[in-house]
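Asker: If you scroll down you'll find the structure; I have some questions about it.
The values are calculated or read from the model by the stated rules, or taken from the named source; none is laboratory data. Given the structure is predicted, the values throughout are model-derived calculations rather than measurements. We place every Cβ from the backbone using ideal geometry, glycine too, and count neighbours over all the protein chains shown.
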Amino acid sequence: MKRVWAAAMLLAAFAAPAAADTPYPVKPVKLVLPFPTGATFVVGQMLAETLTRELGEAVVIENKSGAGGRIAMEHVARSQPDGYTLLLTSPTLTITPAINSNLRFDPLTDFAPIAKVSEVPNVFVVNPQKFGQMDFNALRKQITSDPGKFSYGSGGAGSSNHLAFEKFKALTNTDILHVPYQGASQAVTAAVGGQIDMVINGLPNSVPLIKGKQLKAMFVLTPERQPLLPDVPSAVEVGLPEMVITTWYGVLAPKGTPKAIVDKVAGAIERGLSAPKVRQKLADNGIDFAYSGPEAFSAFIKADYADWKKVVTEAAINIQN
């Protein structure tokens, strides 16, 4: 019996290095996108190009939009943990479990975090016909003195700009009517047209409208001013440091993906996206390079979920669908 056991151990000892040395990748890798347009697509496209170069195999984009990103998340969560199906995620990952307990998967535990890759700044904008002569302090006094009179739009109940505005309301003790739309672009269009008064939106998509005087920027949701809007104060400058809220992007694999694969993809992302030309291309699209590896990204996800859960609880938001 001892000889059998010894032989088995010897076989395992020889087999382990072979398994660890299994090359990856040896076939195309799928990068699943939950949203087919906007910054998600820009970041996804650049990631696919970068990882193709760094890994030596084609990384192809697969769009699985719908249900506020849940279709893509569930698809990847249920995929084989072999490194050949990856997910490009965003705050949807941490907001979804904060607002919805009726899920068939757990966004917080069913994935292996690989890397946070970038951030897109947000900006608080208003209709210039109504508030064109005001700075943020004047606006705050106005909405505080007239509770319920003004409205804000979002990309839908439970969207990131919905929760960001609910956080703003809690911090400023203001009462502003929420008007949900089917997407953030529709909310922005409504703000331009004056159907609603204000909205929080991604900086890259807002800059042309701000420079064209179709929207007025009150502050950027960042610690410091942004190069694209150098005259617009930051959240810190207007006295709301808690409103530093960016739309972040990161890459995940299914839970159980070997650490060697996770580390290899993370390293490829860091090398590829930190190249000056790639970083400049991101910056040209209003996207900041913001890399963190598997462990730091995992801690970030937990903290981000805790922040949104607090907002959801205080605002009594509950969406079960």
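Asker: Based on what the data block shows, is S234 of a type in the set (S, T, Y) and surrounded by fewer than 16 Cβ atoms within 10 Å (Cβ to Cβ)? Before the answer, list the steps.
Answerer: Details: of a type in the set (S, T, Y): yes; surrounded by fewer than 16 Cβ atoms within 10 Å (Cβ to Cβ): no.
So S234 does not fit the description; no.
Asker: Same structure again: Out of everything in segment 129-183 that is hydroxyl-bearing (S, T, Y) and more than 16 Å from E242 (Cα to Cα), what residue ends up being farthest from the chain's Cα centre (by Cα)?
Answerer: From segment 129-183, those hydroxyl-bearing (S, T, Y) are 144-145, 151-152, 154, 159-160, 172, 174, 181; that's our starting set.
Keeping just the survivors that are more than 16 Å from E242 (Cα to Cα) gives 144-145, 151-152, 154, 159, 181.
On the way: T144: 30, S145: 34, S151: 25, Y152: 21, S154: 16, S159: 11, Y181: 19 Å.
Applying the filter and picking the extreme gives S145.
Asker: Can you tell me which residue within segment 132-150, out of those that are surrounded by fewer than 17 Cβ atoms within 10 Å (Cβ to Cβ) and in contact with a strand residue (DSSP E or B) (Cβ under 7 Å, 6 or more places away or on another chain), is nearest to T189 (Cα to Cα)? Give the derivation first.
Answerer: Taking segment 132-150 and keeping what is surrounded by fewer than 17 Cβ atoms within 10 Å (Cβ to Cβ), we get 132-135, 137-138, 141-142, 144-149.
Now narrow it down to the ones that are in contact with a strand residue (DSSP E or B) (Cβ under 7 Å, 6 or more places away or on another chain): 132, 148.
Values: G132: 17, G148: 21 Å.
Looking at the filtered set, the residue picked out is G132.
Asker: Then there's this: For segment 171-198, name all the residues that are outside any helix (DSSP H, G or I) and hydrophobic (A, V, I, L, M, F, W, C).
Answerer: Pass one, segment 171-198, residues outside any helix (DSSP H, G or I): 173-183, 194-198.
Correct list: I176, L177, V179, I196, M198.
Asker: Under 7 Å between Cβ atoms, which residue pairs at least 6 apart in sequence (or on different chains) link something in segment 46-70 that is farther than 22 Å from T92 by Cα with a partner that is among the polar types (S, T, N, Q)?
Answerer: A58/T52; V59/T52
Asker: So which helices (runs of 4 or more DSSP H) are wholly in segment 67-170 and hold at least 1 residues that are basic (K, R), at pLDDT below 95 and farther than 27 Å from N285 by Cα? Break it down into steps so the answer makes sense when it comes.
Answerer: Working: elements: 70-77, 92-99, 128-131, 136-145.
Of the helices (runs of 4 or more DSSP H) lying wholly inside segment 67-170, those with at least 1 residues that are basic (K, R), at pLDDT below 95 and farther than 27 Å from N285 by Cα span 128-131.
Asker: Just checking: which of the helices (runs of 4 or more DSSP H) contained wholly in segment 199-287 hold 2 or more residues that are farther than 30 Å from R78 by Cα, touching a His at 6+ places or on another chain (Cβ under 6 Å) and of a type in the set (K, R)? Let's see the steps before the verdict.
Answerer: Numbers: elements: 203-211, 259-273, 276-284.
In segment 199-287, no matching helices (runs of 4 or more DSSP H) lie anywhere.
Asker: While we're looking at this one, here's another question. For residues in segment 8-35 being over 11 Å from L88 (Cα atoms) and modelled with pLDDT of 80 or more, which is surrounded by the fewest Cβ atoms within 10 Å (Cβ to Cβ)? Let's see the steps before the verdict.
Answerer: Filtering segment 8-35 down to residues over 11 Å from L88 (Cα atoms) leaves 8-29.
Among the residues that remain, those that are also modelled with pLDDT of 80 or more are: 23-29.
Numbers: P23: 7, Y24: 16, P25: 18, V26: 9, K27: 9, P28: 11, V29: 20.
If we take residues in segment 8-35 being over 11 Å from L88 (Cα atoms) and modelled with pLDDT of 80 or more, then P23 is surrounded by the fewest Cβ atoms within 10 Å (Cβ to Cβ).
Asker: Taking interchain pairs and intrachain pairs at least six residues apart, which have beta carbon atoms under 6 angstrom, with the first residue in segment 212-235 and without any contact (Cβ under 8 Å) to a residue 24 or more places away in the chain and the second in a loop (DSSP other than H, G, I, E, B) and among the aliphatic types (A, V, I, L, M)?
Answerer: So the pair list comes out as P223/V236; P223/V244; A235/L221; A235/V244.
Asker: Looking only at segment 165-184, how many residues end up being of a type in the set (S, T, N, Q) and in contact (Cβ under 8 Å) with a residue 40 or more places away in the chain? It would help to see each step written out before you state the result.
Answerer: To start, the set of residues in segment 165-184 that are of a type in the set (S, T, N, Q) comprises 172-174, 182.
Narrowing further to those that are in contact (Cβ under 8 Å) with a residue 40 or more places away in the chain: 172.
Here the count works out to 1.
Asker: While we're looking at this one, here's another question. When you go through (1) outside the structural domain of E166 (by TED's automatic domain parsing); (2) of a type in the set (A, V, I, L, M); (3) over 24 Å from K309 (Cα atoms) one by one for A138, which number turns out not to apply?
Answerer: All conditions pass for A138, except number (1).
Asker: If you take the residues in segment 57-69 that are within 20 Å of the chain's Cα centre (by Cα) and crowded, with 20+ Cβ neighbours inside 10 Å, which one is farthest from K302 (Cα to Cα)?
Answerer: Top of the filtered list is K64.
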